[in-house]
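The block underneath contains the structure these notes are about, expressed in structure tokens.
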Number of protein chains: 2
Amino acid sequence: MAIVLRQSEPDFETRFSAFLATKREVSEDVDRAVAEIIHRVRTEGDAALIDYSQRFDRIDLAQHGIAITSAEIDAAVASAPVATVEALKLARDRIHSHHLRQMPQDDRYTDPLGVELGSRWTAIESVGLYVPGGTASYPSSVLMNAVPAQVAGVERVVMVVPSPDGKLNPLVLVAARLAGVSEIYRVGGAQAIAALAYGTGTIAPVAKIVGPGNAYVAAAKRRVFGTVGIDMIAGPSEVLIMADSDNDPDWIAADLLAQAEHDTAAQSILITDDEAFGNAVIAAVERQLQTLPRTETASASWRDYGAVILVQDLEASLPLVNRIAAEHLEIAAADPERFLAGVRNAGAIFLGRYTPEVIGDYVGGSNHVLPTARSARFSSGLSVLDYVKRTSILKLGVEQLRALGPAAIELARAEGLDAHGNSVAIRLNL
Amino acid sequence: MAIVLRQSEPDFETRFSAFLATKREVSEDVDRAVAEIIHRVRTEGDAALIDYSQRFDRIDLAQHGIAITSAEIDAAVASAPVATVEALKLARDRIHSHHLRQMPQDDRYTDPLGVELGSRWTAIESVGLYVPGGTASYPSSVLMNAVPAQVAGVERVVMVVPSPDGKLNPLVLVAARLAGVSEIYRVGGAQAIAALAYGTGTIAPVAKIVGPGNAYVAAAKRRVFGTVGIDMIAGPSEVLIMADSDNDPDWIAADLLAQAEHDTAAQSILITDDEAFGNAVIAAVERQLQTLPRTETASASWRDYGAVILVQDLEASLPLVNRIAAEHLEIAAADPERFLAGVRNAGAIFLGRYTPEVIGDYVGGSNHVLPTARSARFSSGLSVLDYVKRTSILKLGVEQLRALGPAAIELARAEGLDAHGNSVAIRLNL
């Protein structure tokens, strides 16, 4: 059973703070192993990839090949159910349209002094996309990570995905093709991250690595950060649902469980102003859990991390919502827009009774790679901006240098940087 | 003497690759010490700050106070030379105007199906700004870090700056006031980062930490990343100058030395198509070094990391420029614009003979916090975007859910996530 927190009770603040501070991730100490793996890939290249894949994935890449061939992708596409491929295409197209609107505009202008300034955006040249193997090998995540790169104009989108015991989700290959992935390699774990960062005989290095992975992958990404760019380190998923009592408790329960089935460390939270409704949702969750195929995962998540927060007034609960800073926030209430201005910290907001978060996971068009573990306080979901970078441009003529130079010389002097001052003074004969 | 690389020589590619791979940072192993410092600040709060400041900065904060008072800032402003304050104001205003143009626009729209989508930007609520003490305590860096936060609308901008032996650069306080910094604390090192991330009795925690620091500060930022956001980990500064033979060798030498005087690990590189001009610049560098106050630092930087790259043709050297991916790129050539389209990787570009990089350090208006160590391949300079975050918005009615729901259910089924499917199906009676 999820915990119940009542705002009316005197120890609410203490309990709410403790709830916020709960860590949901088991921190495995894998750093030493990862350092060794990266070192070997850097020094031995493909041979290390072959060795680690044999050991960890029980597959002989010397025989099967590190690269996945175009023929293998063709076969995956041919074997995929038509309905699934059509749904992936719909998702791809909607993600593409939405992300096109995120393309930043270059800006070049001349200020009143005649100084030319500018900001110019260019795509990162090459990006590596990590895709987990096994049960968390989701084609939807391939689309969410790869389509924005395609929209940004990244030339080389390189995917790595482990193939434990030779198994590979063919839909992941289908999604990769739909999203314009240019190369795919059947390697995973820290060794795949090392290969993307430093390159091997087969895999040319990339400039940035994105995508979710296990503790080894996350530790490897932290280690190679600097040599390449990385995206955020994603934690377990979470949903926060603000719901009034006019909702069908079964709908809200279904949404809580959609989150809980992801992972035993996932978190589902309901905020409501009606205790009877809250109890009805709890009962509906218990009922639905009985028929759910992934009931074991969902039950553990709901038991260990689920929460029902009872407040006097939904609108007055917005400060709590902002402190939780959820990855996903559903506002299932009459006139949901009235809450919108008060929500400051959330990865994505789903408005109204007919916008279950699951639509955002697949076909809404917005990105499902979102900040977890309260990081929506300071970071954003994945977007085209993660695949571009900005260069500043500055251009002065002699008149502009005469106008601004003396102030630069003054500041250089104040900072004790004489050579800085010289580089301006020498041009002005000062 | 800097190294000279000639593109015409057969081993150029090997030597250039080795040059690119040169590490300029001494990696100190400070991680264990930093972990201990963070732990103590988390458990002991202000008492740990007082203890570490006594030990590392030889100052008694129990007596002087952790917070810098408004009266102390008033005194700093009163003591500052008028010309310096005026120059700081000019810099502040120009940075403010330029960064205003970077404010991202919210986007809310309805697609052809009637689905409402949106991206909404909000300021991060609180930001911590680290400012180094001692000789690298630069007021210009305070402006560069704080003004974009002010433009973004960050409410709490908290500055920390160590005060070794009780000394503090008063201009840093002046710059903080000009840039709207709301709180200042005289603590530094890993202990200041821990205080910003976790809070103490005196210092309330922030959501994100920015600003340069030494190896301890950098290691502490890496460790608290996740609990708070961090900016990039800045390395030593660098400049790459593309210059034709029509430049005054002394001007170009002055620009190379402005970079070299920063740090013995700073790097200054000249690319030119004229060997005689290259030699003239080298001679001018040696000559100017003799009168430079910071000649020791600048000489070591030029000797160990300086480089002159001789190419047949400047335009054809753009692939080398993009591989170097310099923090600062000067294009000191006739019609510098013609090179612009070919430059892909650079933190900032300075065009023409009258735009020394130093203008960008102080009063150009663009930001001087830029990606170092080749990271311009995948990252951007500091901007307003570093102080805001984006929330996605999605809103469907029953008709839109009918249109998109079946595809979501199909993908949920394909991914084995039945509860995901249920949360859509239950609303459509499917």
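The values are calculated or read from the model by the stated rules, or taken from the named source; none is laboratory data. Here the structure is a predicted model, which is why all the values come from computation and not from measurement. Counting neighbours? That spans all protein chains shown, and the Cβs are built from the backbone with ideal geometry, glycine included. These accessible areas exclude ligands, DNA and RNA; they are computed on the full protein's heavy atoms, side chains included. Shrake-Rupley method; radii C 1.70, N 1.55, O 1.52, S 1.80 Å.
Key figures
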item: Test item: A:82-92 mean partner chain Cβ contacts at 10 Å; result: 4
item: Built amide H within the under 5 Å cut-off of residue B:229, gap 5+; result: B:208, B:209
item: Inter-copy label distances at residue A:55 (7 Å, Cα→Cβ; nm, one decimal); result: 3.8
item: Max mean-square fluctuation residue, GNM over chain B, Cα-Cα springs under 10 Å, options B:204, B:215, B:403; result: B:403
item: For B:134-140, mean number of other protein chain Cβ atoms within 10 Å; result: 3
item: Heavy-atom accessible surface that B and A bury in contact, both chains counted, 1.4 Å, Å² to 100; result: 10200
item: Estimated 222 nm signal from helices in chain A, with DSSP H stretches of n ≥ 4 weighted -39500 (n - 2.57), rounded to 500; result: -13500 deg cm²/dmol
item: Given charges at Cβ of Lys, Arg, Asp, Glu: chain B dipole, positive-most of B:300, B:166, B:367; result: B:166
item: Low-density loop positions, trypsin sites (Lys or Arg not before Pro), segment A:132-192 - DSSP coil, at most 14 other Cβ in 10 Å; result: A:167
item: Whichever aspartates and glutamates have a C-alpha closer than 15 Å to that of residue A:389, once near sequence neighbours (fewer than 8 apart) are set aside; result: A:106, A:107, A:125, A:155, A:231, B:231, B:327, B:386
item: Segment A:158-283 - percent relative contact order, Cα under 8 Å, separation 6 or more; result: 17
item: Distant-in-sequence amide H partners of residue A:59 (H built 1.01 Å from N, under 5 Å); result: A:54, A:165
item: Max mean-square fluctuation residue, GNM over chain B, Cα-Cα springs under 10 Å, options B:276, B:298, B:220; result: B:276
item: Inter-chain shielding of B:365-375 (mean C-beta neighbours from other protein chains, 10 Å cut-off); result: 4
item: Mean separation of Cα contacts under 8 Å, 6 or more apart, over the residue count of chain B: relative contact order %; result: 20
item: Among B:231, B:51, B:418: highest mean-square fluctuation, GNM of chain B, C-alpha pairs under 10 Å; result: B:418
item: Whole-Hz ³J(HN,Hα) from phi, Karplus 6.51 cos²θ - 1.76 cosθ + 1.60, for segment B:146-163, glycine and proline x; result: 8, 4, x, 5, 4, 4, 5, x, 5, 6, 10, 10, 9, 9, 10, 8, x, 10
item: Cα-projected label distance for residue B:15 with residue A:338, points at 7 Å along beta-carbon direction, nm; result: 7.5
item: Size of electric dipole in chain A: Cβ of Lys, Arg +1 and of Asp, Glu -1, about Cα centre, debye, nearest 20; result: 1440
item: Test item: Cα-centred dipole of the protein assembly as shown, Lys/Arg +1 and Asp/Glu -1 on Cβ, debye; result: 240
item: Net charge dipole size for segment A:340-430 [Lys, Arg +1 and Asp, Glu -1 on Cβ; Debye, nearest 20]; result: 120
item: J(HN,Hα) series, segment B:413-430, from Karplus relation 6.51 cos²θ - 1.76 cosθ + 1.60, nearest Hz, glycine and proline x; result: 4, 4, 8, x, 10, 5, 5, 4, x, 4, 5, 8, 4, 5, 7, 10, 6, 8
item: Copies compared at residue A:313 - label distances in nm, ascending, label defined 7 Å from Cα in the Cβ direction; result: 7.3
item: In sequence order, calculated HN-Hα J values of segment B:288-303 (Karplus, 6.51, -1.76, 1.60; Hz; x Gly/Pro); result: 5, 4, 5, 10, 7, x, 8, 5, 5, 4, 5, 5, 5, 4, 5, 5
item: Relative contact order of segment A:31-230, defined on C-alpha pairs under 8 angstrom at six or more residues apart (%); result: 28
item: Whole-percent carbon and sulfur share, accessible surface of the protein assembly as shown, 1.4 Å; result: 51
item: Trypsin sites (Lys or Arg not before Pro) restricted to segment A:4-62 and DSSP loop, no more than 12 other C-beta within 10 Å; result: A:23, A:58
item: DSSP beta bridge pairing in the protein assembly as shown, given as percent antiparallel to the nearest 5; result: 25
item: Chain A: C-alpha pair distances exceeding 43 Å, %; result: 26
item: Label point 7 Å beyond Cα along the C-beta direction, distances from residue B:108 to other copies (nm, shortest first); result: 3.5
item: 5 angstrom amide H check on residue B:306, placed H, neighbours 5+ away; result: B:3, B:268
item: Dipole of segment A:70-189, positive end: most advanced residue of A:149, A:95, A:83 [Cβ charges, Cα centre]; result: A:83
item: Segment B:276-353 versus segment A:206-234: alpha-carbon centroid distance in Å; result: 32
